[in-house]
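Enquirer: Let me begin by handing over the structure; questions about it come next.
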Amino acid sequence: MCEKVAARKLPRAKAVVREDYLIDACRHRRALHVGCADAPFTRRKHEDGTLLHGKLAGVASELVGIDCDEDALVWLGEHGVHDLFLRNASEIGGLLQETGFRPEVIVAGEVLEHLLEPLQFLNGISSVMDRGTKLVLSVPNAFAATSVAYVWLRKEKVHPEHVAYYSYFTIRELLRRTGFEVVDQHPYVHPPGNAREMLFSGVVRLLSLGNPHFSDGYVLSAVRAARG
């Protein structure tokens with residue numbers, strides 16, 4: 001028999017633009033970008049200037065990228081993107097020891113929902129973070145208004161490689177269990193793409209203006225929790 005679970009009150013919040021938040025977090029700092037290739041969309045995003053790694057490179061004092069998609073990294077290297085390493089997300093510790101790179105910020109934007117073992121990934125990051133290092137990540141919202149609207153149409157709009165969604169509380173609990181303290185958290189929105197997306201998402205978001213927790217996802221900053 002399942003136990004009854006009390007509903008928890010969501011805090012008042014203001015939505016931010018996801019990429020703006022991630023870019024600001026890396027400004028004038030040494031940054032490690034996990035999932036830098038954004039495969040299978042690498043080529044299109046690089047060519048149209050929307051690849052996040054390129055935007056981070058424009059503001060970070062130093063930037064290193066890792067990804068597990070070899071073809072995408074090779075393509076980026078051939079097109080002038082450097083300091084890229086073929087690694088799984090769980091191999092960050094070995095990379096930092098190998099290169100001596102000490103990031104001030106570790107960016108994992110839209111990574112956790114791809115992983116079969118997010119606990120292992122976060123435990124690995126926590127074990128190599130310095131006291132002043134900040135983890136900045138984003139995850140899709142299980143209750144995003146646009147996603148719910150598509151379900152009403154008997155459709156699901158989802159990245160082909162996603163295996164999970166997160167909510168305000170589930171992502172905080174995951175970070176707590178892996179030794180992190182959340183110091184900042186906001187709902188985020190994606191800027192709409194083409195005109196059709198702009199019309200659809202605009203109509204749906206009008207319905208959620210009173211509650212930003214229906215936004216596209218959450219973006220967070222976390223540090224290693226103090227050990228008692």
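Enquirer: When GLU173 is evaluated against the numbered criteria (1) within 28 Å of ARG30 (Cα to Cα); (2) assigned to a helix (DSSP H, G or I); (3) touching a residue at least 40 places away in the same chain (Cβ under 8 Å), which criterion, by number, is the only one it fails?
Expert: (3)
Enquirer: Turning to a different aspect of this structure: Those residues that are in contact (Cβ under 8 Å) with a residue 24 or more places away in the chain and touching a Pro at 6+ places or on another chain (Cβ under 9 Å), I need them from the range 145-159; list them, please.
Expert: HIS159, the sole residue that qualifies.
Enquirer: List the helices (runs of 4 or more DSSP H) inside the range 33-125, counting only whole elements, that have at least 2 residues being touching a residue at least 24 places away in the same chain (Cβ under 8 Å) and under 22 Å from VAL219 (Cα atoms).
Expert: 52-57
Enquirer: Could you please give the count of residues in the range 16-32 that are surrounded by fewer than 21 Cβ atoms within 10 Å (Cβ to Cβ), on the phi < 0 side of the Ramachandran plot and either aromatic (Phe, Trp, Tyr) or not in a helix (DSSP H, G or I) (or both)?
Expert: Matching residues across the range 16-32 total 6.
Enquirer: Step by step: first the residues of the range 33-68, then only those that are surrounded by fewer than 16 Cβ atoms within 10 Å (Cβ to Cβ) and among the small types (Gly, Ala, Ser), then the one that is farthest from ASP184 (Cα to Cα). Which residue is that?
Expert: In this case the residue turns out to be GLY49.
Enquirer: Limited to the range 22-70, what total is found for residues that are farther than 26 Å from GLY93 by Cβ and of a type in the set (Asp, Glu)?
Expert: 3
Enquirer: Does the range 122-156 hold any residues that are under 16 Å from the mean Cα position of the chain (by Cα) and surrounded by fewer than 18 Cβ atoms within 10 Å (Cβ to Cβ), and which are they?
Expert: Passing the criteria: only ALA142.
Enquirer: Looking only at the range 57-73, how many residues end up being of a type outside the set (Asp, Glu) and under 21 Å from HIS114 (Cα atoms)?
Expert: Final tally of qualifying residues: 6.
Enquirer: Test HIS159 against the stated conditions and say whether it is surrounded by fewer than 14 Cβ atoms within 10 Å (Cβ to Cβ), under 24 Å from ALA31 (Cβ atoms), modelled with pLDDT under 90 and in contact with an Asp or Glu (Cβ under 9 Å, 6 or more places away or on another chain).
Expert: Yes: the conditions hold for HIS159.
The values are calculated or read from the model by the stated rules, or taken from the named source; none is laboratory data. Here the structure is a predicted model, which is why all the values come from computation and not from measurement. With ideal geometry, Cβ positions are generated from the backbone for all residues, glycine too; neighbour counts draw on all protein chains shown.
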